[in-house]
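The values are calculated or read from the model by the stated rules, or taken from the named source; none is laboratory data. Source: prediction; values computed, not measured. Here Cβ is always computed from backbone atoms with ideal geometry, including for glycine, and neighbour counts include all displayed protein chains.
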């Protein structure tokens with residue numbers, strides 16, 4: 001009898017793998033389910049179901065149960081445990097460190113079960129990268145590539161880890177090797193694009209990201225990189241990227257020390273200059289404020305211009321589009337308040353300009369925060385700040401006696417100041 005009349009679990013599984021390789025995931029899922037109906041203990045089908053389900057946000061939660069069942073059936077199966085780690089990672093939101101560390105533990109156990117599995121080492125490297133432990137991510141990715149030089153996941157993680165440690169020479173060597181080996185590798189073009197972004201070469205970055213998306217339209221890292229290359233057309237944003245890339249060579253703890261040390265140095269210098277050279281003290285204070293605000297607003301300000309580009313804005317997701325619109329208009333309102341205040345001699349124009357620019361900072365932080373809890377806190381704070389700044393500005397320039405207008409402006413001011421301190425230290429921020 002043929003398999004068509006009397007299908008076997010292995011036959012259904014094999015057909016599922018074929019469909020999965022063709023990116024026909026719903027059909028592949030149906031085949032894996034059929035295999036499990038024929039054999040409820042068919043571990044490979046549970047594993048592949050998990051891999052299919054974790055590709056979609058709507059079905060990702062089911063991937064954990066499928067992978068957990070595979071591990072329960074075969075506790076010594078390193079591949080099953082690695083997929084379980086991937087499923088846990090796919091469902092863990094930014095800021096849920098405990099869930100990500102649980103995934104890391106599963107990945108470490110998988111490597112312990114099979115030290116010769118390049119897949120297990122690659123999964124371990126991805127978990128270390130997400131936890132921002134770049135040296136360990138690099139080591140695990142290199143271990144995977146030592147076992148299989150064509151492990152794409154490991155190559156992507158290694159490139160990211162090198163880039164985030166500012167090991168530009170090693171990263172360029174890796175990218176060149178990938179492109180020479182396979183010029184049609186979308187992940188290699190994506191890595192090359194990110195390297196170009198960090199170097200400030202937005203044209204070269206744009207070319208690599210466009211090629212990556214031509215090869216694989218579903219490459220999210222390339223889409224995000226394409227947006228970065230559009231933002232980087234602004235010299236303000238390019239400068240911000242280069243500064244961030246320079247900071248990446250330091251650990252998070254050292255970065256915090258540098259920021260605190262810089263603030264203390266600024267306070268000491270400005271305090272001293274106030275007694276001997278008030279003019280230069282004002283210059284130092286102004287330069288510090290520009291630096292502090294620029295680091296928060298560079299991305300949103302650049303996205304504002306991307307959103308106005310009819311071609312470039314097609315690559316923006318709704319959240320990215322509104323980031324540019326809201327942050328850009330708040331900056332525009334701040335500058336408008338200064339100009340109108342000067343023209344009409346409005347004494348309170350400086351206060352309106354300050355509340356609007358600090359509201360822009362609050363909204364810039366909210367739009368870029370992916371922390372599972374913090375994003376809601378920042379969103380509420382940003383909404384209050386933005387509405388408060390606009391409300392108080394209307395009251396001042398329209399000469400209206402609006403209730404609680406002063407309180408609204410003060411609230412916008414305080415929220416903006418607080419977020420300028422919370423965001424750099426990643427308090428409820430991811």
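Within the stretch 231-241, no residue satisfies the criterion of being closer than 23 Å to residue 134 by Cβ and exposed (fewer than 14 other Cβ atoms within 10 Å of the Cβ).
One residue is enough: does the stretch 105-112 have a residue meeting the conditions closer than 22 Å to residue 373 by Cα, in contact with a helix residue (DSSP H, G or I) (Cβ under 9 Å, 6 or more places away or on another chain) and surrounded by fewer than 18 Cβ atoms within 10 Å (Cβ to Cβ)? No: zero hits. Applying the set (1) surrounded by fewer than 21 Cβ atoms within 10 Å (Cβ to Cβ); (2) assigned to a helix (DSSP H, G or I); (3) under 20 Å from the mean Cα position of the chain (by Cα) to residue 127 leaves exactly one unmet item: (1). Among the residues of this structure, residue 352 does not count as one that is in contact (Cβ under 8 Å) with a residue 60 or more places away in the chain, touching a helix residue (DSSP H, G or I) at 6+ places or on another chain (Cβ under 6 Å), in a helix (DSSP H, G or I) and buried (at least 19 other Cβ atoms within 10 Å of the Cβ).
Taken over the stretch 395-430, the residue count meeting the criterion of being assigned to a loop (DSSP other than H, G, I, E, B) and within 24 Å of the chain's Cα centre (by Cα) is 8. Would the stretch 387-401 turn up any residue that is in the same structural domain as residue 292 (by TED's automatic domain parsing), touching a helix residue (DSSP H, G or I) at 6+ places or on another chain (Cβ under 6 Å) and under 21 Å from residue 316 (Cβ atoms)? No, because not a single residue in the stretch 387-401 is in the same structural domain as residue 292 (by TED's automatic domain parsing), touching a helix residue (DSSP H, G or I) at 6+ places or on another chain (Cβ under 6 Å) and under 21 Å from residue 316 (Cβ atoms). Taking the conditions exactly as written (exposed (fewer than 15 other Cβ atoms within 10 Å of the Cβ) and either in the same structural domain as residue 216 (by TED's automatic domain parsing) or touching a strand residue (DSSP E or B) at 6+ places or on another chain (Cβ under 9 Å) (or both)), does residue 40 satisfy them or not? Yes: the conditions hold for residue 40. Inspect all residues belonging to the stretch 365-375 and state whether any of them is farther than 30 Å from residue 100 by Cβ and either touching a strand residue (DSSP E or B) at 6+ places or on another chain (Cβ under 9 Å) or part of a helix (DSSP H, G or I) (or both). Checked against the condition, which is being farther than 30 Å from residue 100 by Cβ and either touching a strand residue (DSSP E or B) at 6+ places or on another chain (Cβ under 9 Å) or part of a helix (DSSP H, G or I) (or both), the stretch 365-375 yields no hits at all.
Residue by residue, here is whether (1) closer than 22 Å to residue 16 by Cβ; (2) without any contact (Cβ under 8 Å) to a residue 60 or more places away in the chain holds:
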{"residue": "46", "(1), (2)": "yes, yes"}
{"residue": "58", "(1), (2)": "yes, yes"}
{"residue": "68", "(1), (2)": "yes, yes"}
{"residue": "71", "(1), (2)": "yes, yes"}
{"residue": "75", "(1), (2)": "no, yes"}
{"residue": "87", "(1), (2)": "yes, yes"}
{"residue": "93", "(1), (2)": "no, no"}
{"residue": "99", "(1), (2)": "no, yes"}
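Report yes if some residue within the stretch 64-85 is in a helix (DSSP H, G or I), within 20 Å of residue 132 (Cα to Cα) and touching a helix residue (DSSP H, G or I) at 6+ places or on another chain (Cβ under 7 Å); otherwise report no. Yes, the conditions are met somewhere in the stretch 64-85. Confirm whether residue 9 is farther than 26 Å from residue 116 by Cα and either assigned by TED's automatic domain parsing to the domain that holds residue 144 or at pLDDT below 95 (or both). It is true that residue 9 is farther than 26 Å from residue 116 by Cα and either assigned by TED's automatic domain parsing to the domain that holds residue 144 or at pLDDT below 95 (or both). Check the stretch 88-99 and report whether any residue there is assigned by TED's automatic domain parsing to the domain that holds residue 126, assigned to a helix (DSSP H, G or I) and more than 26 Å from residue 427 (Cα to Cα). Looking through the stretch 88-99, none of the residues is assigned by TED's automatic domain parsing to the domain that holds residue 126, assigned to a helix (DSSP H, G or I) and more than 26 Å from residue 427 (Cα to Cα). From the list 240, 176, 171, which residue is in contact with a helix residue (DSSP H, G or I) (Cβ under 7 Å, 6 or more places away or on another chain) and either without any contact (Cβ under 8 Å) to a residue 40 or more places away in the chain or not in a helix (DSSP H, G or I) (or both)? So the residue among 240, 176, 171 that is in contact with a helix residue (DSSP H, G or I) (Cβ under 7 Å, 6 or more places away or on another chain) and either without any contact (Cβ under 8 Å) to a residue 40 or more places away in the chain or not in a helix (DSSP H, G or I) (or both) is 171. Working only within the stretch 24-41, note down all residues that are touching a residue at least 24 places away in the same chain (Cβ under 8 Å) and under 13 Å from residue 51 (Cα atoms). The answer is 25, 28, 29.
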